[in-house]
Amino acid sequence: MISIEHLSLQLGGRVLFDDVSFLISPHDRIGLVGSNGAGKTTLLKILLGSVQPDAGRVSKAGYVTVGYLPQDGITASGRSLYKEVESAFESVVTIQQELHEAQDALNKLDPHSPEYQDVLEVFGELQHKLEDLDAFRMKSKIERVLMGLGFGVNDFEQMTEEFSGGWQMRIALAKLLLQEPSLLLLDEPTNHLDLESLQWLEEYLQSYNGAIVLVSHDQAFLDSLTTKTLELRMGRLELYSGNYSFYEREKEARKELLVNAYKNQQERIKKTQEFIDRFRYKATKARQVQSRIKQLEKMELVEIEPEEEQIHFEFPPPPASGRVVMELRGISKSYGAKKVFERLDYKIERGDRIAVVGPNGAGKSTLSRIVAGVEEFDAGQRIGGYNVVLSYFAQHQAEELDLSKEALEIVDEVATGEIRKRLRSILGSFLFHGDDVFKKVSVLSGGEKSRLALAKMLLQPANFLIMDEPTNHLDMKSKAVLQNALSKFEGTFLIVSHDRSFLDPIVNKVLEVSTHGIRTYLGSISDYLTRKKEEHLGAEMGSEQRKLTSVPVVSEKERKRREAEHRRRRSQKLKPLRMELQQLEQEIDVVERRKLELEMMLADPELYKRGDEAKQVSTEHKELKIKLNDLYNRWGALTDQLQKVERELEGEL
């Protein structure tokens, strides 16, 4: 559908793309990954046609349409929300013209050629679009998309300029989805979505008719949608035939093979050079020496990239707090006529690891600010626990940094102990590389300031962390560093976020904030989403059935007793299964590594000169393949069993 051939581009003397080529087919689901600054957004703009490369070309037929959602910077005004989104259907005439062009192309192509099949698929999609774009269905589609993205019916007649930046991006996304281009280019589309809207978008895109190229730091979103991954690194693109999780595993496997190939080649080079040095001046070996020299000259050297520094960040040991960390009693909060909370009661206990979720505007950030003590409330009490040392991060705190100081100075002011020796490495994990650590705060971008404010917060000793969207400006590696540190944190934390893959392994409670109040779910984000699906299914059973399955109101003491009993039963049943699963995964890792070693040996022609050894290696390789298959089957069965037990335990709540 779209062909990218020999693309090259330099910006500011830095090579972004070096002879890059790839193909986008009609129904591709491609995740575009790479470190910040690698050129992902620039590549999307080249595909769109708004940036021109130094060399190479992007080829696409006239009937192929491209739609692009940037990370930010889109503002609509002058029309109501509904009228603005309705403008997406002005493309009917254009689609008819594209259909005509596609028909002309079909008439000229060989019906047996791959190009004919590609055009035929696009032709069918264009026909499908025209069938859908009638007046009756147009209204229902607009309403479906707007409400799926979090807008209410009351918002439809509101003027677009009255919406904030995050909602402006949702308006742009709604128009883009309704236009249904042949290729969707989405640059961080989940940044401005809450969990509910994110899930809706995920399901919508899973059934999207065209191709999608997606840039995102949300691993769960990438895993759910993509079937191919393109890694942009040091000006090169490498294709992986799977989602992000597959890419991570396959990248490690490829790296290990490359390292082994490099070691084998270096050994051959060493032996060849030793032969040359030994017999260089011996006349009877002159021809053999020359032959070896030519071999070395013609040899294509295997190159491996330097190992990236592994960043391991751990929080300073927190002081011990009392059992109750924070208690809210009868909290009421309004903004003008809008009531956010009314007589809210909530207690946070030592060891709670809470994810705060809910639709945008429901009060998640307001709640985090009240808990942090930086937001006034109209009525009620906020009671801090014994010896609680609180640390709070929100996006606006970046503006409180001293503009006259360097990034390194900012973190050095709060760091204590041995960690001060590793401040540059820690800043590197938050994307401050090289001389970036010496930049003045005054010249940092908004994202850089937020990352610096987060790093500063994490270096301060505390036993209660409150974070509002801490991952917004972090890449995958930075998120992994933060996630790993939080998993080892011995205190209590409350995090407002919609990043499922980030939250899932580290939280033990989910606090849902909605217009109806708050509700607590025990377990991970996955547990919460499963319960929500079950609740939606239950809601469809009718009011009588809901009465039968409703949960009776219980006292605070009884609720805590039930939660403690549930945690005990959960640990009792799940711990042995998880330990067995961990041991099995370790065994799989050992077998996979040995299998890779044998494959490297089998790839060496010299092995087959040693008949018995070659036979032994081949036999062991076959046995390991059988064993690995058995281990995979056991892993799958054990995973299913673990998920079944988890569902049964959640059903007991």
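How about the range 354-384: which of its residues are farther than 18 Å from THR515 by Cα and touching a Lys or Arg at 6+ places or on another chain (Cβ under 6 Å)?
Initial filter on the range 354-384 (farther than 18 Å from THR515 by Cα): 354, 371-376, 379-384.
Of everything in the range 354-384, those that are farther than 18 Å from THR515 by Cα and touching a Lys or Arg at 6+ places or on another chain (Cβ under 6 Å) turn out to be ILE354, GLU375, GLY380, GLN381.
Specify which of the listed residues (ALA407, ALA398, ALA372, ALA394) is surrounded by 18 or more Cβ atoms within 10 Å (Cβ to Cβ), modelled with pLDDT of 90 or more and within 30 Å of ARG422 (Cβ to Cβ).
On the way: ALA407 fails: modelled with pLDDT of 90 or more; ALA398 fails: modelled with pLDDT of 90 or more; ALA394 fails: modelled with pLDDT of 90 or more.
None of the other options fit; the residue is ALA372.
Yes/no matrix, rows are residues, columns are (1) under 23 Å from ILE24 (Cα atoms); (2) part of a helix (DSSP H, G or I):
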residue: HIS100; (1), (2): yes, yes
residue: PRO111; (1), (2): yes, no
residue: GLU115; (1), (2): yes, yes
residue: ASP118; (1), (2): yes, yes
residue: LYS139; (1), (2): no, yes
residue: GLU157; (1), (2): no, no
residue: TRP167; (1), (2): no, yes
residue: LEU177; (1), (2): yes, yes
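What's the total number of residues in the range 213-269 that are within 18 Å of LEU32 (Cα to Cα) and polar (S, T, N, Q)?
Of the residues in that region, 9 qualify.
Just name the residue that is surrounded by the fewest Cβ atoms within 10 Å (Cβ to Cβ) out of those in the range 44-74 that are more than 26 Å from the chain's Cα centre (by Cα) and under 24 Å from MET138 (Cα atoms).
THR65
Restricting to the range 406-437, name every residue that is in a helix (DSSP H, G or I) and in contact with a Pro (Cβ under 9 Å, 6 or more places away or on another chain). Don't jump to the end; show me each part of the working.
Here is the first cut: in the range 406-437, the ones in a helix (DSSP H, G or I) are 407-412, 417-429, 434-437.
Hits for the range 406-437 are GLY417, ILE419.
Would you point out the residue of the range 90-138, among those that are farther than 22 Å from LEU23 by Cβ and modelled with pLDDT of 80 or more, that is surrounded by the most Cβ atoms within 10 Å (Cβ to Cβ)? Break it down stepwise before answering.
Within the range 90-138, the first condition is being farther than 22 Å from LEU23 by Cβ, and the residues that meet it are 90-97, 99-100, 103-104, 107, 127-138.
Now restrict to residues that are modelled with pLDDT of 80 or more: 99-100, 103-104, 107.
Values: LEU99: 18, HIS100: 13, GLN103: 13, ASP104: 13, ASN107: 7.
Going through the qualifying residues, I end up with LEU99.
For the range 222-273, name all the residues that are touching a residue at least 60 places away in the same chain (Cβ under 8 Å), surrounded by 17 or more Cβ atoms within 10 Å (Cβ to Cβ) and more than 23 Å from ASP19 (Cα to Cα). Outline the logic, then answer.
Going through the range 222-273, the residues touching a residue at least 60 places away in the same chain (Cβ under 8 Å) turn out to be 222-223, 225-237, 239, 243-244, 247, 253, 256-257, 260-261, 264.
Filter once more, keeping what is surrounded by 17 or more Cβ atoms within 10 Å (Cβ to Cβ): 222-223, 225-226, 228-232, 235, 237, 243-244, 247, 260.
If the condition is that a residue be touching a residue at least 60 places away in the same chain (Cβ under 8 Å), surrounded by 17 or more Cβ atoms within 10 Å (Cβ to Cβ) and more than 23 Å from ASP19 (Cα to Cα), then LEU222, ASP223, LEU225, THR226, ASN243, TYR244, ASN260 are the ones that fit.
I'd like to know if the range 209-220 contains one or more residues that are in a strand (DSSP E or B), in contact with a Leu (Cβ under 8 Å, 6 or more places away or on another chain) and among the small types (Gly, Ala, Ser).
Within the range 209-220, one or more residues are in a strand (DSSP E or B), in contact with a Leu (Cβ under 8 Å, 6 or more places away or on another chain) and among the small types (Gly, Ala, Ser).
Based on what the data block shows, is THR366 hydroxyl-bearing (Ser, Thr, Tyr), without any contact (Cβ under 8 Å) to a residue 40 or more places away in the chain and in the same structural domain as GLU469 (by TED's automatic domain parsing)? If you could, list the steps in order and put the result at the bottom.
Working: hydroxyl-bearing (Ser, Thr, Tyr): yes; without any contact (Cβ under 8 Å) to a residue 40 or more places away in the chain: yes; in the same structural domain as GLU469 (by TED's automatic domain parsing): yes.
Spelling it out, THR366 is indeed hydroxyl-bearing (Ser, Thr, Tyr), without any contact (Cβ under 8 Å) to a residue 40 or more places away in the chain and in the same structural domain as GLU469 (by TED's automatic domain parsing).
Yes/no per residue for (1) modelled with pLDDT of 85 or more; (2) within 16 Å of the chain's Cα centre (by Cα); (3) over 21 Å from GLY373 (Cα atoms); (4) in the same structural domain as GLY447 (by TED's automatic domain parsing):
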{"position": "LYS477", "(1), (2), (3), (4)": "no, yes, yes, yes"}
{"position": "GLN483", "(1), (2), (3), (4)": "yes, yes, yes, yes"}
{"position": "GLU490", "(1), (2), (3), (4)": "yes, no, yes, yes"}
{"position": "PHE502", "(1), (2), (3), (4)": "yes, yes, yes, yes"}
{"position": "GLU512", "(1), (2), (3), (4)": "yes, no, no, yes"}
{"position": "THR515", "(1), (2), (3), (4)": "no, no, yes, yes"}
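Kindly establish whether VAL496 is touching a strand residue (DSSP E or B) at 6+ places or on another chain (Cβ under 6 Å) and modelled with pLDDT of 85 or more. Spell out the reasoning first.
Working: touching a strand residue (DSSP E or B) at 6+ places or on another chain (Cβ under 6 Å): yes; modelled with pLDDT of 85 or more: yes.
Criteria met by VAL496.
Can you report the number of residues in the range 438-469 which are closer than 20 Å to ILE348 by Cα and part of a loop (DSSP other than H, G, I, E, B)? It would help to see each step written out before you state the result.
Looking only at the range 438-469, we keep the residues that are closer than 20 Å to ILE348 by Cα, and these are 461-469.
Those still in the list that are part of a loop (DSSP other than H, G, I, E, B) too: 461-463, 469.
So the count comes out to 4.
Looking only at the range 19-39, filter to residues that are in contact with a Lys or Arg (Cβ under 6 Å, 6 or more places away or on another chain) and assigned to a strand (DSSP E or B); which one of those is surrounded by the most Cβ atoms within 10 Å (Cβ to Cβ)?
Once the filter is applied, the top-ranked residue is LEU32.
Among the listed residues LEU642, LEU602, LEU581, LEU653, identify the single one that is within 30 Å of LEU529 (Cα to Cα), at pLDDT below 80 and touching a His at 6+ places or on another chain (Cβ under 8 Å). Walk me through how you get there before you give the answer.
Values: LEU642 fails: touching a His at 6+ places or on another chain (Cβ under 8 Å); LEU602 fails: within 30 Å of LEU529 (Cα to Cα); LEU581 fails: touching a His at 6+ places or on another chain (Cβ under 8 Å).
Residue meeting the stated conditions: LEU653.
All but one of (1) surrounded by 11 or more Cβ atoms within 10 Å (Cβ to Cβ); (2) free of Cβ contacts under 8 Å to residues at least 24 places away in the same chain; (3) under 30 Å from GLN265 (Cβ atoms) hold for GLN643; which doesn't?
Result: GLN643 fails condition (3) only.
The values are calculated or read from the model by the stated rules, or taken from the named source; none is laboratory data. Quick caveat, the model's predicted, so the values are computed rather than measured. Ideal geometry is used to build each Cβ from the backbone, glycine not excepted, and the neighbour counts take in all protein chains shown.
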